[in-house]
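The values are calculated or read from the model by the stated rules, or taken from the named source; none is laboratory data. For clarity, every value in this text was computed on a predicted model and none was experimentally measured. Cβ: placed from backbone, ideal geometry, glycine included. Neighbour counts: every protein chain shown. Just so you know, the surface numbers come from the protein's heavy atoms only, side chains and all, with ligands and any DNA or RNA stripped out. Shrake-Rupley method; radii C 1.70, N 1.55, O 1.52, S 1.80 Å.
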Amino acid sequence: MIVKCSTVVLLLSGLTAIAAGELPKPFVCAAQMEINSTEAALKNALFCGTSYNPRYRPVKYQQDRLAMYIGAEVINVEKVRNYDSRLEITLELLMQWYDAFLHWNKRTSGNIETINVAEQDLWTPTFAAKSFQRSPRIQNTKQCTRVKCHLSYDGEVIYTVLCTFTVDCYTEARYWAFDTKICTLRIYSVEYDTNQLSLFHFQRRLSYPSYSLLPYKITSFQMATVNSTMSPEFRMDIVIERLVGSHLVVFLVLIVMFCFLNLFSLWFSIDTSARTIAVVLGTVMQGMFLVILYWYGMVKMKPVITLAHLLLGSFGLGVIAFGWTYYARGQITSRKGCTECPLAVIQTISCLRKNRPLTSFLSIGYLNGSIKKDKLSPEWEDNLPEANRQTQVRNLPQDDDTASTTNDDNDVTWQDMVQPVDRILFCAMLTMYLLMFIVYVF
């Protein structure tokens, strides 16, 4: 049985015309003398002049199978509060079938082609609805509203209802910039099996509207009928996504700015207010933004959690820069810059300075410091005061190997070591940032 698309469109226009008015009331049989219109006479002949019973399938023989065409259109999508993977989907279900008992000759009935009838006057199906995911919740079409029935002269019935179903969805995490959910809804008959009722979906496209359903956007809506199971079934696969890329880009830009602030702070002299403002401001702002980002990711958008992890790594590196700044400043100011550096740090930097390119890099001065103050000579071990050299030699074990190393490397104070350590820390943090962003992207 083929659906007449022109008839369906005509009847849909009629449904829209009565949307603003009251729904048809159940027809009450009346005497012939009380009928004052052709339509009332037609309804009286259909529902009162025959033995029509709306409780039975409208087929001539009970062994016959009723063919029904079904389609759906998404009206609205909303998220269920406190459930991240559960949505409320409002659908307009459109069903069409042929009633074998309700037809008339339009030529003898005032050329009436269609009439509006109440749901109680003729046979209408009742379906159950359930999520395809593992969900014990079973809903049915009895809870639907805005029921409309149109009956044509050839027995064609167009039946539409507006239903809101709660659907359990699963999240597709492959697309990081979108909150994508795939929802599968099963609408099936609990009264009839496939030998009594067969479902077919409309050939014409009944799908999601062209306008966006904020805050979600439907990117795919596929319908299919399944008659191989015990109960005839109508399935809908709905792919819904919420664009969160714009939010993530804003968050990512702020994280990159914090990373640059952490790196940039190491290029200010350690005893200046610029260094203090940079490390304190960066650490405090990253801590506050980290709390907000984790809250936002857990409550609203789960893709933000990955960015929160990235910011956590940046915050950790900022804390290291903050701690190093105040530790070195305390060592310099507490003893007027005369505290001697640990031997391991001195030997490490001395080893790096044996390479000319590294020597040039470690000798780069601060942005807010003078060249005379900050730039160290490649031969800094030989230019230090002789008194400091002798003091270092006396404080170390007097064996040949240690004495030779001490004479070359250990006559350095914290003031001499801060600048090379800042450059080494900058390289280490830059490497960590690059690794973090590579892991985040891939």
Residue among 212, 231, 269, 265 that is assigned by the TED database to the domain that holds residue 170, modelled with pLDDT of 75 or more and among the small types (Gly, Ala, Ser): 231
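Residues in the range 73-88: is at least one hydroxyl-bearing (Ser, Thr, Tyr) and free of Cβ contacts under 8 Å to residues at least 24 places away in the same chain?
Yes, there is a match, as at least one residue in the range 73-88 is hydroxyl-bearing (Ser, Thr, Tyr) and free of Cβ contacts under 8 Å to residues at least 24 places away in the same chain.
Go through the range 41-60 and report how many residues are of a type in the set (D, E, K, R), open to solvent by 80 Å² or more (accessible area, probe 1.4 Å) and touching a residue at least 60 places away in the same chain (Cβ under 8 Å).
So the first thing to find is which residues in the range 41-60 are of a type in the set (D, E, K, R), and the list is 43, 55, 57, 60.
Keeping just the survivors that are open to solvent by 80 Å² or more (accessible area, probe 1.4 Å) gives 55, 60.
Subsequent filtering for residues that are touching a residue at least 60 places away in the same chain (Cβ under 8 Å) retains 55.
The number of residues fulfilling the criteria is 1.
Residue 138: under 30 Å from the mean Cα position of the chain (by Cα) and open to solvent by 60 Å² or more (accessible area, probe 1.4 Å), yes or no? Reasoning before the result, please.
Working: under 30 Å from the mean Cα position of the chain (by Cα): yes; open to solvent by 60 Å² or more (accessible area, probe 1.4 Å): yes.
Taking the combined requirement at face value, the residue satisfies it.
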Candidate set: the range 267-288, residues that are farther than 15 Å from residue 367 by Cα and small (Gly, Ala, Ser); chosen: the one surrounded by the most Cβ atoms within 10 Å (Cβ to Cβ): 282
The lone exception for residue 63 - which of (1) modelled with pLDDT of 65 or more; (2) surrounded by 14 or more Cβ atoms within 10 Å (Cβ to Cβ); (3) more than 18 Å from residue 122 (Cα to Cα) it fails: (2)
Every residue from the range 99-158 that is assigned to a helix (DSSP H, G or I) and in contact (Cβ under 8 Å) with a residue 60 or more places away in the chain: 109, 120, 121
Any pair with Cβ under 8 angstrom, 6 or more apart, that starts in the range 306-328 at a residue that is closer than 16 Å to residue 268 by Cα and ends at one that is modelled with pLDDT under 90 and of a type in the set (A, V, I, L, M): 324/421; 325/270; 328/270; 328/418; 328/421
Any hit, the range 69-76, residues being assigned to a loop (DSSP other than H, G, I, E, B), modelled with pLDDT of 85 or more, among the hydrophobic types (A, V, I, L, M, F, W, C) and open to solvent by less than 60 Å² (accessible area, probe 1.4 Å): no
